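Worksheet for the structure shown next.
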Protein chains: 4
Amino acid sequence: MLAKRLPAPERRRQIAAAALEILATDGVRGLTARAIAERVGVKDGSLFRHFASKEAIVDAAIDAFEELMGETFPDPAGDPLRALSELFQRRVALARARPELLRLALSDRLTEVAGAEGAARVKAVVERSVTFVREQLTLARRQGRVRDDVPVEILVWTVTGVLRGAAGASHAPSLRKRAARFDPAAAWRALELLLTTRTDGSNDKTH
Amino acid sequence: MLAKRLPAPERRRQIAAAALEILATDGVRGLTARAIAERVGVKDGSLFRHFASKEAIVDAAIDAFEELMGETFPDPAGDPLRALSELFQRRVALARARPELLRLALSDRLTEVAGAEGAARVKAVVERSVTFVREQLTLARRQGRVRDDVPVEILVWTVTGVLRGAAGASHAPSLRKRAARFDPAAAWRALELLLTTRTDGSNDKTH
Amino acid sequence: MLAKRLPAPERRRQIAAAALEILATDGVRGLTARAIAERVGVKDGSLFRHFASKEAIVDAAIDAFEELMGETFPDPAGDPLRALSELFQRRVALARARPELLRLALSDRLTEVAGAEGAARVKAVVERSVTFVREQLTLARRQGRVRDDVPVEILVWTVTGVLRGAAGASHAPSLRKRAARFDPAAAWRALELLLTTRTDGSNDKTH
Amino acid sequence: MLAKRLPAPERRRQIAAAALEILATDGVRGLTARAIAERVGVKDGSLFRHFASKEAIVDAAIDAFEELMGETFPDPAGDPLRALSELFQRRVALARARPELLRLALSDRLTEVAGAEGAARVKAVVERSVTFVREQLTLARRQGRVRDDVPVEILVWTVTGVLRGAAGASHAPSLRKRAARFDPAAAWRALELLLTTRTDGSNDKTH
DNA sequence: AATGAATGAGGATTCATTCAT
DNA sequence: GATGAATGAATCCTCATTCAT
């Protein structure tokens with residue numbers, strides 16, 4: 001029962017993609033050579049004709065991950081709020097299209113299965129997002145378009161928090177009910193309000 | 001070289017705690033019977049005198065996790081913003097005191113190693129936090145103390161996002177530099193500014 | 001079907017001994033964890049409760065080899081020809097008692113399966129024999145009891161050659177016919193004749 | 001990146017030679033289809049266009065080995081001591097020219113990787129040498145040119161021992177120091193002295 | 001004649017778990 | 001209550017070999 005022969009580069013891509021998906025759905029311990037091979041339709045030993053080791057497979061998976069995440073970064077030149085908005089929309093769209101990626105980005109599964117070098121790369125991808133957000137926020141603030149009564153870092157956490165929530169809401173079946181009519185554009189508008197509107201905080205704390 | 005004999009309930013607690021720590025520091029694949037036993041100072045076979053299976057150990061670990069997280073919930077009666085503030089402070093304090101717990105709460109390692117029932121309990125713990133936040137926010141909004149120009153869910157994500165950031169900043173060595181003078185109280189004040197009702201729309205977006 | 005439980009040190013010895021024998025009889029590729037385990041009467045995985053790796057098993061086997069070979073070295077003090085004679089007798093006796101050891105000493109199987117450190121130890125054992133022979137011969141020569149018309153090294157090779165032959169003859173079934181009445185004592189006497197000082201040159205070459 | 005197409009017989013020779021060298025340098029476990037193919041500059045699958053199996057490759061390697069060793073046998077007619085001398089010189093020369101062959105002849109690697117039939121052939125090659133030596137010695141003894149106070153077999157072992165030593169010394173880098181001015185001709189002269197000079201053994205043992 | 005993708009049968013090793021002592 | 005020796009199933013990986021292209 002031979003598997004269909006496939007050109008090596010394509011097989012490699014398949015294998016890396018399969019690893020990514022399995023990791024997202026079945027977790028660290030589910031990511032076995034056997035499982036990957038099965039999903040691809042070959043025998044486990046055959047994987048090692050294409051990759052030197054499981055770690056190498058994970059590295060390739062991280063390549064794919066890096067690329068997909070990288071594509072969601074908008075042009076950093078231009079209007080910073082627009083840049084943030086675009087990042088937001090694209091990330092939500094990505095979460096909808098490839099929910100596994102989201103899980104991977106939010107969990108540390110990739111870091112767990114990767115070797116030191118791969119783990120560093122995953123971390124870099126995540127940090128790049130945070131840095132991007134921080135930079136755009138700082139820029140926007142200099143333009144007076146983002147509130148300055150709150151430290152940037154807090155705003156960064158706000159953005160990443162809402163992004164995380166929106167991405168989760170956009171695909172998580174269990175959350176679908178609550179966020180049934182979840183609309184990413186509306187979410188962004190709300191987030192923008194948070195970032196830009198200056199509140200006076202006058203009527204809050206009682207203490 | 002026999003390990004000190006310990007009353008069973010105490011050993012159980014030890015084992016569960018050890019599992020929790022190992023899971024946090026070494027990850028899913030680091031959580032082996034051997035590793036747990038070693039940390040407790042016992043031989044691996046002995047674990048199974050106290051627990052029927054590794055899954056049972058994880059279940060007990062989840063008990064501990066549940067309890068520790070549960071303790072951070074403030075009295076839900078009373079001032080909702082105060083309740084949120086307290087949850088915030090306590091969580092940050094917990095993150096500082098027991099950084100592993102934070103990692104566990106933010107990663108899905110526990111869910112990964114738990115059986116179905118355990119996973120559900122972990123999920124419940126996390127959801128309970130979100131629900132708590134949502135409820136307090138809703139209450140506060142009814143009191144007119146939280147802005148209503150933004151859907152509650154967005155505010156929920158804001159709170160959880162900032163909480164996550166603050167908790168991370170409060171312990172992560174790598175982040176310590178940036179958040180060197182990180183002050184949870186200040187973080188909460190900033191968060192509160194974000195949440196509370198604005199009085200005018202003067203500081204509006206430009207486009 | 002559980003194997004008989006044995007105290008660990010004894011099992012270790014068994015395993016090392018089994019490895020030595022398998023290597024001698026079945027060769028490098030025959031030395032599998034499975035083969036060792038089978039011979040000892042346990043399952044292969046169990047080997048690794050006693051040794052960290054196959055290499056560690058081989059190391060222990062080399063320990064045994066070293067010890068057995070070491071025991072054949074006579075007291076180097078005293079009459080050098082007597083020392084050589086004793087080494088000779090003991091080696092032949094060892095070859096008869098434990099033919100596998102001989103094979104191992106003469107082949108390089110042990111070196112092949114050992115790690116770098118183990119290989120060095122095996123080499124040292126072999127070299128120690130040669131050195132011992134050389135030293136005793138040199139001593140004897142100084143006493144005028146060994147011929148000096150021939151370089152010592154040639155005499156060393158003579159001794160090792162005859163030893164090798166005698167040891168082989170003493171056990172190899174195929175050679176038994178020829179050396180049917182093979183007598184180690186007689187072999188040594190003959191060897192001694194070869195080594196000792198000639199008195200005259202009467203029986204010289206003809207050409 | 002196709003390898004140069006070569007006529008089949010030439011490729012076969014290449015492959016057999018490569019196998020021989022790898023076996024000598026890397027040992028039994030180093031002799032993999034991949035290693036052979038690599039050395040030849042071909043992909044591993046291609047080996048099996050030329051040989052039915054790895055065993056067949058080894059058989060061909062043994063052919064080559066047989067031939068090379070066979071070439072060192074001098075004309076058995078004529079002066080027996082001269083014949084021995086020539087064998088000696090040629091073997092030492094071969095050891096110098098092709099050290100791998102020596103290793104193979106002295107180790108039993110070839111026997112290990114060969115099938116039953118091949119192993120028998122290797123054994124025959126070795127035995128042929130011994131037989132040759134024995135025959136020439138017997139002849140020479142009948143002519144009164146070799147000492148008769150020592151059994152022939154002992155002399156055979158002497159010759160093979162010195163040959164082995166000389167061959168080893170002639171190439172082994174580590175031994176080069178000791179045998180720095182190692183001179184095969186001198187070695188043979190010394191050996192001849194051993195074989196021909198009659199000692200009386202009068203002044204040896206003290207016991 | 002050679003490649004390139006695949007396999008199946010192992011090989012070493014890990015690990016949760018059992019149970020006699 | 002704890003140990004210490006064992007297992008069986010699974011894991012990653014290697015290797016000789018096959019065969020369509």
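The values are calculated or read from the model by the stated rules, or taken from the named source; none is laboratory data. The structure displayed is predicted, hence computed values, not measured ones. Here the Cβ is made from the backbone with ideal geometry for all residues, glycine too, and neighbour counts use every protein chain on show. Only protein heavy atoms, including side chains, enter the accessible area calculation; ligands, DNA and RNA are left aside. Shrake-Rupley method; radii C 1.70, N 1.55, O 1.52, S 1.80 Å.
Tabulated results
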{"read-out": "Per-residue HN-Hα couplings for the range A:120-137 [Karplus 6.51, -1.76, 1.60; θ = phi - 60°; Hz; x = Gly/Pro]", "value": "4, 5, 4, 4, 4, 4, 5, 5, 4, 4, 4, 4, 4, 4, 4, 5, 5, 5"}
{"read-out": "Percentage relative contact order, chain A, counting C-alpha pairs under 8 Å, at least six apart", "value": "19"}
{"read-out": "Copies compared at D:Glu117 - label distances in nm, ascending, label defined 7 Å from Cα in the Cβ direction", "value": "4.6, 4.8, 6.6"}
{"read-out": "Inter-copy label distances at B:Ser46 (7 Å, Cα→Cβ; nm, one decimal)", "value": "2.4, 4.9, 6.2"}
{"read-out": "Copies compared at B:Thr131 - label distances in nm, ascending, label defined 7 Å from Cα in the Cβ direction", "value": "4.1, 7.8, 9.2"}
{"read-out": "Innermost chain D residue relative to the axis carrying D onto A, by Cβ distance in angstrom", "value": "D:Gly45, 3"}
{"read-out": "Accessible surface buried upon A-B contact (total; probe 1.4 Å; Å², nearest 100)", "value": "4200"}
{"read-out": "Cut-off under 5 Å, modelled amide H: who pairs with C:Val146 long-range", "value": "C:Arg141, C:Thr197"}
{"read-out": "Per residue value of the accessible surface for the range D:8-64 (all protein chains in place, 1.4 Å probe), Å²", "value": "48"}
{"read-out": "Ranked by how many other beta carbons lie within 10 Å on average, peptides A:146-155, C:161-170 from highest", "value": "C:161-170, A:146-155"}
{"read-out": "Unit charges on C-beta of K, R, D, E only; dipole of chain A, Debye", "value": "700"}
{"read-out": "Accessible surface of the protein assembly as shown [probe 1.4 Å, protein heavy atoms]: carbon and sulfur percent", "value": "54"}
{"read-out": "Average other protein chain Cβ within 10 Å of Cβ, residues C:132-141", "value": "0"}
{"read-out": "Average beta-carbon neighbours from other chains, 10 Å sphere, peptide C:147-160", "value": "6"}
{"read-out": "Residue-level accessible surface for C:His50, protein heavy atoms, 1.4 Å, Å²", "value": "50"}
{"read-out": "24 Å Cα-Cα threshold exceeded, pairs from D:Lys4/D:Lys54; C:Lys54/D:Lys43; B:Lys43/C:Lys4; A:Lys43/B:Lys54; A:Lys43/C:Lys54", "value": "C:Lys54/D:Lys43; A:Lys43/B:Lys54; A:Lys43/C:Lys54"}
